[in-house]
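The values are calculated or read from the model by the stated rules, or taken from the named source; none is laboratory data. Values in this document were obtained by computation on a predicted structure and should not be read as measured data. Every residue, glycine among them, receives a Cβ derived from its backbone with ideal geometry; neighbour counts consider all protein chains shown. The area values use the complete protein model at the heavy-atom level, side chains included, leaving out ligands, DNA and RNA. Shrake-Rupley method; radii C 1.70, N 1.55, O 1.52, S 1.80 Å.
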Amino acid sequence: EKGMYPHFMLKEMDEQPGVIRKILQAYENEQGELAMDENIVNAFNEADRLYIIAAGTSYHAGLIGKHYFEKIAGIPVEVHISSEFGYNMPLLSEKPLFLFITQSGETADSRQVLVKIKALGYPSITLTNATGSTLSREADHTLLLYAGPEIAVASTKAYTAQVAVLAIAAYVVAKKRGKTVEIDLKKELAITANAIQTLVDSKEEMEQIAHEFLAVSRNAFFIGRNLDYYVSLEGALKVKEISYIQAEGFAGGELKHGTIALIEEGTPVFAIVTQQAVSLNTRGNVKEVVARGANPCILSMEGLEEENDRFVLPKVHALLTPLVAVIPLQLISYYAALHRGCDVDKPRNLAKSVTVE
Ligand code: M6R
């Protein structure tokens with residue numbers, strides 16, 4: 001039920017701090033340490049390469065999952081769009097493990113891959129919000145999101161839940177492998193939940209940004225580097241699917257290889273700056289588009305902010321910035337859709353679960 005909310009999407013965005021806290025409880029052992037099913041930890045540990053298979057927003061979460069599994073657990077990862085993978089399988093490693101990320105657990109594109117890799121005898125895990133869903137039943141193991149039902153077609157809390165559970169999985173597997181883990185993930189995720197709360201409480205500011213940048217624009221760009229690039233892809237998808245504005249997410253450095261030709265006077269460019277190592281590079285890319293007339297909206301992380309940034313994100317651990325950077329983008333796309341009179345919860349041409357290939 002929506003209760004006092006005008007839309008499920010707004011309710012589901014607001015639920016995100018609670019979802020992160022619930023996940024922290026669900027993935028805790030009796031000693032209060034982050035933990036998960038031993039069989040699942042072993043499956044990750046035994047693999048020489050992880051293949052993440054997903055579609056849409058879940059694919060975007062998978063890109064962040066790759067970063068976590070490689071940087072925290074030291075396991076090489078490939079992330080694939082499910083509709084491509086099944087019909088053009090890459091050369092596989094000797095001991096692959098397949099991780100299907102699917103909020104609904106019913107996505108036909110992902111299921112056809114599961115059917116194929118099972119026939120080849122490879123192990124599989126489904127990361128899903130739906131116990132008893134098709135992909136949960138058919139995979140060897142299930143990891144749950146604990147996000148509660150997501151009704152709005154635009155995925156919000158499932159994405160943040162996916163990112164949080166992927167971080168926990170990478171962390172638990174790293175510990176199992178005896179890796180030195182620098183991050184106190186439990187503490188940092190709790191800090192992140194509070195930061196998300198601050199952001200969902202900043203709705204007026206986000207509404208203002210949506211009004212200022214997306215009220216009449218035909219198109220919009222989202223840029224970032226590293227983890228910020230992955231969040232840019234997700235921000236652009238949110239804007240596209242509910243406000244019907246042509247939006248693209250780009251790696252900041254890639255713009256000048258073609259896309260920058262599209263920048264005109266007033267084109268909105270949202271830039272995400274949360275990664276210190278590449279913050280100046282992204283700012284350089286903003287200068288390039290501003291020189292061609294773009295209207296920049298820089299969202300930077302506390303500690304990396306500069307004078308003309310439009311919004312400063314509360315500081316969280318560098319690995320967890322996607323969980324906070326995505327929130328303003330979700331809210332901005334919501335208000336843009338609202339202002340433009342779009343059906344926020346049920347955008348045209350889309351279904352919540354895509355059960356056909
Ligand atoms: O249920 P799934 O996670 O498998 O769904 C995958 C995509 O269809 C889904 O994420 C879609 O992109 C959303 N509408 C995005 O908001």
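The table below lists the values:
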quantity: Pairwise label distance in nanometres, E254 with L280, each label 7 Å out on the Cα-Cβ vector; calculated: 2.5 nm
quantity: Given charges at beta-carbon only (K, R positive; D, E negative), |dipole| of the chain in Debye; calculated: 440 debye
quantity: Among A215, A337, A161: highest mean-square fluctuation, GNM of the chain, C-alpha pairs under 10 Å; calculated: A215
quantity: Cα long-axis angle, helix 16-26 against the chain (0 to 90 degrees, to the nearest 10); calculated: 20 degrees
quantity: Projected area averaged over orientations for region 239-312, convex hull of C-alpha atoms, nm²; calculated: 5.2 nm²
quantity: Extension gain from D37 to E70, taking 0.36 nm per residue of separation minus the Cα-Cα distance; calculated: 9.8 nm
quantity: Candidates N281, N226, N88: whichever shows maximal mean-square fluctuation once the chain is modelled as a Gaussian network with Cα springs under 10 Å; calculated: N88
quantity: Dipole of region 87-195, positive direction: furthest Cα of I125, A139, T180, with charges on the beta-carbon; calculated: T180
quantity: Heavy-atom accessible area order for D228, D343, D48, largest first, 1.4 Å probe; calculated: D343, D48, D228
quantity: Estimated vicinal HN-Hα couplings, Hz - region 190-197 in sequence order (Karplus 6.51, -1.76, 1.60; Gly, Pro = x); calculated: 5, 4, 5, 4, 5, 5, 5, 4
quantity: J(HN,Hα) series, region 249-264, from Karplus relation 6.51 cos²θ - 1.76 cosθ + 1.60, nearest Hz, glycine and proline x; calculated: x, 9, 5, x, x, 7, 3, 5, 8, x, 4, 4, 4, 7, 5, 10
quantity: Rg/Rg_globular for the chain, with Rg_globular taken as 2.2 N^0.38 Å and Rg from C-alpha atoms; calculated: 0.95
quantity: Qualifying lysines (Cα of each under 19 Å from Cα of K116; at least 8 residues distant if same chain); calculated: K95
quantity: Largest to smallest accessible area among E306, E94 [probe 1.4 Å]; calculated: E94, E306
quantity: Residues whose placed amide H lies under 5 Å from that of K179, excluding near-sequence neighbours; calculated: none
quantity: Calculated P(r) tail over 18 Å for region 39-196, as whole % of Cα pairs; calculated: 55 percent
quantity: Distance between modelled label sites at K187 and K346, nm, 7 Å Cα→Cβ extension; calculated: 4.8 nm
